[in-house]
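Asker: Mind looking over this structure? Questions follow.
The values are calculated or read from the model by the stated rules, or taken from the named source; none is laboratory data. Keep in mind it's a predicted model, so treat the numbers as computed, not measured. Neighbour counts are summed over all protein chains in view; Cβ atoms, including those assigned to glycine, are modelled from backbone coordinates with ideal geometry. Note: accessible area is taken over every heavy atom of the protein model, side chains too, but ligands, DNA and RNA are not part of it. Shrake-Rupley method; radii C 1.70, N 1.55, O 1.52, S 1.80 Å.
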Amino acid sequence: QFALQENEIKLLTAEIEHLKNFGCLGVSPSLEGLRDENAKLKYRLNFLKKSLQEERSKSTKSMININSCLQEIFGAAIQAAYPDLENPPLVVTPSQQPKFGDYQCNSAMGISQILLKTREQKVIPREIAEKIAKNIPANDCIEKVEIAGPGFINVHLRKNFVSKQLSSLLIKGVQPPAIGKRKKVVVDFSSPNIAKEMHVGHLRSTIIGESMCRLFEFVGYDVLRLNHLGDWGTQFGMLIAHLQDKFPDYLTVSPPIGDLQAFYKESKRRFDTEEEFKKRAYQCVVLLQSKNPDFIKAWNLICDVSRREFQKIYNCLDITIIERGESFYHEMMKDIVKEFEDKGFVQVDDGRKVVFVPGFSVPLTIMKSDGGYTYDTSDLAALKHRLCEEKADVLIYVVDSGQSMHFQTVFAAGQMIGWYDPKVTRVAHAAFGVVLGEDKKKFKTRSGDTVRLIDLLEEGLKRAMDKLKDKERDKVLTPEELKAAQTSVAFGCIKYADLSHNRLNDYVFSFDKMLDDRGNTAAYLLYAFTRIRAIARLANIDEQMLQKAAREEVLILDHEKEWKLGKCILRFPEILQKILEDLLLHTLCDYLYELATTFTEFYDSCYCVEKDRQTGQIVKVNMWRLLLCEATATVMAKGFDILGIKPVQRM
């Protein structure tokens, strides 16, 4: 393929030189046809050079994104057909029905509208589609194209191209799509408050943020996972004052604070009802902020109790995160206030220092009338540090939708003061809806309290074990296998139930639905995965034999269900590419479910292992079909890994 492309580049270069000699570069309008021909050849040459470079880099370390390849091909064809058209629409999508081919290019209708509006040319889309089809450059992935209906271009892929990509996947493993230069990504997620227990509201941020980080890491980005803990502020005054009263020897003997939530409630009750305690609490805040060593020790003791509780949850959910709470930015806040003052953005309103950002009616309060700082100040300090010190190319905040206006204002203030240019640096709020109970109201306990996250996880474990025992798995699995299946199902189902919903919407939390082994659930997908993995094992085909076959066997895709499955497997890179753009992880869940159901269709129609009906002895192993099973399982395993779900070999 490379040799063919290099040869075509040589021929095109010679053709352009010939046209130059003929006097066609920068010629008068009388030679319009030749000039167009020259433009087409130059574009074709640039396309081939770019394509050759990209293919060489992709072929070594990336999975080919077929949709992107087709977009490049049709982009070149449209440019050659309509060289004067600026930013023509480029629409390539997988076909919904086999009779319409494998992919469709639907650009002709859009181009027809542009020609009518900008040039008053009335050209029917079918003519445009035919012109595009005639200009499709030589490539190794398209077998043929057909014009259908008003101007759809139906694309049929070459079977040997799909077969080779599947073989490459089996030999090299699942590789990320080619995504350009390596970027530094900072993801702010989870972010509970010290002295308060993590509740179901923290579940979404923690699960979504972890999965986003895993995706960014898989494609090769440098990812910094930050836990913006609420570990600073006036609430620590009352907590320290209460600690002094309850455990006066806390400096020498570690206080046995078992239930920090109860400790917090006691201190809050005293703060609200005892005037003397309230005064002392404010004094404690001043001493803490002035870095008095005794008060710093008290603060650290309280933070450590919370950290230990948070870590239990992070261990259960397999979360990796670096703590960098509000206290980290405290010393930077006075400089933030000064910077906004120096640039003339600060107004004084009733003693407060506020910043009005164009387009937003509510200002940011960067200093209170008593000289204290606010969430606005700490979020601005965090934004600047991540952009200017961490040098983030991408900065994602995984925080609930209720904070949308706040973050829009903070980001706009960062642009206004010149910390970043949104055309260069991506700063995004990955907002999410709330978790609802089955009554469609905010998820609460029967007594009306917020559901503690640790209780939810323990309930998940209990329900998963009940489900496994209902299916009599305890009779066929060893105790170790049963335990592994329990944790895989419990935590996998909780994560998948969240991630499989569009994060922008609220979702109903239901153990019954998430543990159902039918439909789009982790329980179904985990079970499907173990079944797929078992096919080769039960045929006595080990990993080495599969690897040898992957290098030697040609994957035959003659049966319609083999062809459908092969194409579905290879859509994985385009799914990831889409999520990198819109940060909507439910697309990956939908894809994994589609892959599992497409596999079932294939398995029901195509014998992988043929057995004697009387004896049950294996008569024939169709190795290319076992390789399709392996390719499916390999992609599913990587999808699970990105979602933070751990499959098991036996279930």
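Asker: For the list (1) over 21 Å from VAL621 (Cβ atoms); (2) in contact with a helix residue (DSSP H, G or I) (Cβ under 8 Å, 6 or more places away or on another chain), I need the number of the one condition that LEU546 fails.
Answerer: So the condition that LEU546 fails would be (1).
Asker: Could you give me the residue pairs with C-beta distances under 7 Å whose first residue belongs to region 540-563 and is free of Cβ contacts under 8 Å to residues at least 60 places away in the same chain, whose second residue is in a helix (DSSP H, G or I) wherever it lies, and which are 6+ apart or on separate chains?
Answerer: Taking only residues 6 or more apart or on different chains, the pairs are HIS559/SER605; LYS561/GLU601; LYS561/PHE602; LYS561/SER605.
Asker: Which one of these is open to solvent by less than 40 Å² (accessible area, probe 1.4 Å), at pLDDT 95 or above, touching a Cys at 6+ places or on another chain (Cβ under 9 Å) and not in a loop (DSSP other than H, G, I, E, B): VAL185, VAL145? Don't jump to the end; show me each part of the working.
Answerer: On the way: VAL145 fails: open to solvent by less than 40 Å² (accessible area, probe 1.4 Å).
On inspection, the qualifying residue turns out to be VAL185.
Asker: Go through region 247-271 and give me each residue that's part of a helix (DSSP H, G or I), in contact with a helix residue (DSSP H, G or I) (Cβ under 8 Å, 6 or more places away or on another chain) and not aromatic (Phe, Trp, Tyr). Outline the logic, then answer.
Answerer: Looking only at region 247-271, we keep the residues that are part of a helix (DSSP H, G or I), and these are 260-271.
With in contact with a helix residue (DSSP H, G or I) (Cβ under 8 Å, 6 or more places away or on another chain) added as a condition, the list becomes 260, 263-264, 266-268, 270-271.
Within region 247-271, LEU260, GLU266, SER267, LYS268, ARG270 qualify.
Asker: Taking GLU581 as meeting all but one of (1) in contact with a strand residue (DSSP E or B) (Cβ under 6 Å, 6 or more places away or on another chain); (2) under 25 Å from LEU70 (Cβ atoms), write down the number of the exception.
Answerer: (1)
Asker: Test THR478 against the stated conditions and say whether it is open to solvent by 10 Å² or more (accessible area, probe 1.4 Å) and within 25 Å of TYR314 (Cβ to Cβ).
Answerer: Numbers: open to solvent by 10 Å² or more (accessible area, probe 1.4 Å): yes; within 25 Å of TYR314 (Cβ to Cβ): no.
No; evaluated as a whole, the condition is false for this residue.
Asker: Residue pairs, Cβ under 9 Å, 6 or more apart or interchain, first in region 63-84 and touching a residue at least 60 places away in the same chain (Cβ under 8 Å) and of a type in the set (Val, Ile, Thr), second open to solvent by 20 Å² or more (accessible area, probe 1.4 Å) and assigned to a loop (DSSP other than H, G, I, E, B). List them.
Answerer: Filtered contacts from region 63-84: ILE64/ALA178; ILE66/ARG571; ILE73/ILE136; ILE73/ASN139.
Asker: Can you pull out every residue in region 85-129 that is in a helix (DSSP H, G or I), aliphatic (A, V, I, L, M), in contact (Cβ under 8 Å) with a residue 24 or more places away in the chain and open to solvent by 30 Å² or more (accessible area, probe 1.4 Å)?
Answerer: MET109, ILE114
Asker: Let me confirm something: among LEU477, LEU457, LEU453, LEU482, which residue is in contact (Cβ under 8 Å) with a residue 24 or more places away in the chain and over 30 Å from the mean Cα position of the chain (by Cα)?
Answerer: Unique residue meeting the criteria: LEU477.
Asker: Also, quick follow-up: For region 312-355, what are the residues that are touching a residue at least 40 places away in the same chain (Cβ under 8 Å), part of a loop (DSSP other than H, G, I, E, B) and more than 18 Å from VAL410 (Cα to Cα)?
Answerer: Within region 312-355, ASP318, ILE319, THR320, ILE321, ARG324 meet the criteria.
Asker: Please determine, by comparing only the residues of region 211-232 that are in contact with a Gly (Cβ under 9 Å, 6 or more places away or on another chain) and open to solvent by 10 Å² or more (accessible area, probe 1.4 Å), which one is farthest from ASP506 (Cα to Cα).
Answerer: For region 211-232, the residue satisfying everything is TRP232.
Asker: Can you tell which of LEU588, LEU555, LEU626 is touching a Phe, Trp or Tyr at 6+ places or on another chain (Cβ under 8 Å), of a type outside the set (Lys, Arg) and open to solvent by less than 10 Å² (accessible area, probe 1.4 Å)?
Answerer: Details: LEU588 fails: touching a Phe, Trp or Tyr at 6+ places or on another chain (Cβ under 8 Å); LEU626 fails: touching a Phe, Trp or Tyr at 6+ places or on another chain (Cβ under 8 Å).
Unique residue meeting the criteria: LEU555.
Asker: If the requirement is being farther than 30 Å from PHE216 by Cα and β-branched (Val, Ile, Thr), which of these qualifies: THR600, THR587?
Answerer: Working: THR587 fails: farther than 30 Å from PHE216 by Cα.
On inspection, the qualifying residue turns out to be THR600.
Asker: Give region 191-247 a look and list any residue that's more than 20 Å from ARG324 (Cβ to Cβ) and among the charged types (D, E, K, R), or say none.
Answerer: Within region 191-247, GLU197, ARG204, ASP245, LYS246 qualify.
Asker: Something else: Test LEU555 against the stated conditions and say whether it is aliphatic (A, V, I, L, M) and assigned to a helix (DSSP H, G or I).
Answerer: Numbers: aliphatic (A, V, I, L, M): yes; assigned to a helix (DSSP H, G or I): no.
Judged against the criteria, LEU555 is not a match.
Asker: Just give me the residues in region 241-273 being under 40 Å from the mean Cα position of the chain (by Cα) and surrounded by 18 or more Cβ atoms within 10 Å (Cβ to Cβ), in sequence order. Walk me through how you get there before you give the answer.
Answerer: Taking region 241-273 first, the residues under 40 Å from the mean Cα position of the chain (by Cα) are 257-265, 268.
ILE257, LEU260, PHE263, TYR264 - these are the residues of region 241-273 that are under 40 Å from the mean Cα position of the chain (by Cα) and surrounded by 18 or more Cβ atoms within 10 Å (Cβ to Cβ).
Asker: Here are some residues: ASP349, ASP376. Which one is farther than 23 Å from GLU210 by Cα and at pLDDT below 95? Give the derivation first.
Answerer: Values: ASP376 fails: at pLDDT below 95.
That would be ASP349, the only listed residue that is farther than 23 Å from GLU210 by Cα and at pLDDT below 95.
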